[in-house]
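Q: Provided herewith is a single structure, encoded as C-alpha cells, for subsequent inquiry.
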Amino acid sequence: MSQWQQDPILDRGEGRRSEPGWATDAWQHPRAQVLGVDADGHVSADEDGLRWVAAEGACDPQRHFMLGLWADRPIFITPIAHGDRSLRELLPVLDEDELQLAFGAVGLAGWHAAAGFCPACGTVTTVVHAGHARRCPGCGREDYPRTDPAVIVAITDSEARLLLGRQPSWPSTRYSVLAGFVETGESLEQTVRREVGEEVGVRLGAVDYLGSQPWPFPRSLMVAFHAHAVTTQLTPAPGEIETAAWFSRDDLRSALADGSVTLPPSRSIARRMIQAWLEDTLGVEAVG
C-alpha cells in the first residue's frame, strides 16, 4: 500500500485559513520552515533533498503561502526566480513525507504563477486564505487551486500481456501505460475507454479502479485503472503515440535487462502499476 492510501501528513488548516493572523502567527513559530519554488517546478534543494530555511522577518501574505502544519511544524512556500533542481530530478531521493510536501508545494506555486489575473474581469488578484485562494478586488470573485483529473490505465489481454506505449517527446526507450485527461461531462471510466480508443484503437471490456496519486506536473490527479482488452489490434494515433506494443512478462523483463525499454520514475503510479503486473499482483493493494 502506498502513502497515498494512508492518512495525509499535513494539517492543511481548513477552517482556519481565513482567520485574521493565523498564517502570520504561524510564520513566527520557532519551527516554521520555508521552501522556495519557481514557476517551472524547480525547488530549493541540495544533493540529498529539499532545502528548507527558517522563516525570518515579517510574513508577506502575497508571497508566503502556508501549505499547512507538518507534525505541528508550520510549512510555507515562497516564489523564487530559479530553483536549484526540478522536482522530477528529486523524485528518487525524497522520503515519503518530503515527497508529499514537495508535490503540494510545486502544485500550489504553479497555480499562483498562472492565476495572477481574474478570469472574469482581468483585474490583478490578491492572495487570501493563507495562500489557498486568490480574490479579485474588482468583481469579488474568489478562485482556488485547480486539480485536473486524469486517468492512467494498465490494459491486459486474454494472454495476460500488458499494453505499453511511448509518446514522441519521451526518451527513445521510455514506455509506459496509457493516460489522458478527463474531458467535461465524462466519467472516469468513460475517459479510459475514449482515451484508449483514440490513442491505440483498442476496445475495452471491464474497467476496474486501482488507486490514485497527485502528480504536480502541473496539477493533476492520476486515477489508475486496470482494463481488459476486447480487441488487440493496435493503431497508434499520429502525434500522440509513436509506438505501442503488447508485452508478456518475459518480453518486458528481457527488454528491461537489455536496455531497449525503460520505465517511468519509480515514485510514479505508472511504475507501480507496471511493477505490480510484472509480479502478478495488479490490484488496489499493490498500486493504490
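Q: Name the residue that is nearest to residue 235 (Cα to Cα), counting only residues in the stretch 173-196 that are touching a residue at least 40 places away in the same chain (Cβ under 8 Å) and either of a type outside the set (A, V, I, L, M, F, W, C) or not assigned by TED's automatic domain parsing to the domain that holds residue 221 (or both).
A: Checking each candidate, the answer is 195.
Q: Of the residues 55, 71, which is among the hydrophobic types (A, V, I, L, M, F, W, C), out of contact with any Gly (no Cβ under 7 Å at 6 or more places or on another chain) and over 19 Å from residue 132 (Cβ atoms)?
A: 71
Q: Going by what's in this entry, would residue 170 be described as modelled with pLDDT of 95 or more, out of contact with any helix residue (DSSP H, G or I) (no Cβ under 6 Å at 6 or more places or on another chain), part of a loop (DSSP other than H, G, I, E, B) and not assigned by TED's automatic domain parsing to the domain that holds residue 108?
A: So residue 170 fits the description; yes.
Q: Quick one: which of 104, 68, 83 is in the same structural domain as residue 24 (by TED's automatic domain parsing), outside any helix (DSSP H, G or I) and under 19 Å from residue 4 (Cβ atoms)?
A: 68
Q: Now for a different question. Can you name the residue in the stretch 229-275 that is touching a Ser or Thr at 6+ places or on another chain (Cβ under 9 Å) and among the polar types (S, T, N, Q) and, of all such residues, is nearest to residue 189 (Cα to Cα)?
A: Per the criteria, the residue is 232.
Q: Name the pairs: first residue in the stretch 42-58 and surrounded by fewer than 16 Cβ atoms within 10 Å (Cβ to Cβ), second residue modelled with pLDDT under 95, Cβ to Cβ under 7 Å, at least 6 apart or on different chains?
A: 48/93
Q: Right, another one. For the stretch 118-143, what are the residues that are exposed (fewer than 12 other Cβ atoms within 10 Å of the Cβ) and within 23 Å of residue 67 (Cα to Cα)?
A: 124
The values are calculated or read from the model by the stated rules, or taken from the named source; none is laboratory data. In this text the structure is predicted, and so the values were computed from the model without any measurement. Quick reminder, even Gly has a Cβ in these numbers, built from the backbone with ideal geometry, and neighbours come from all protein chains shown.
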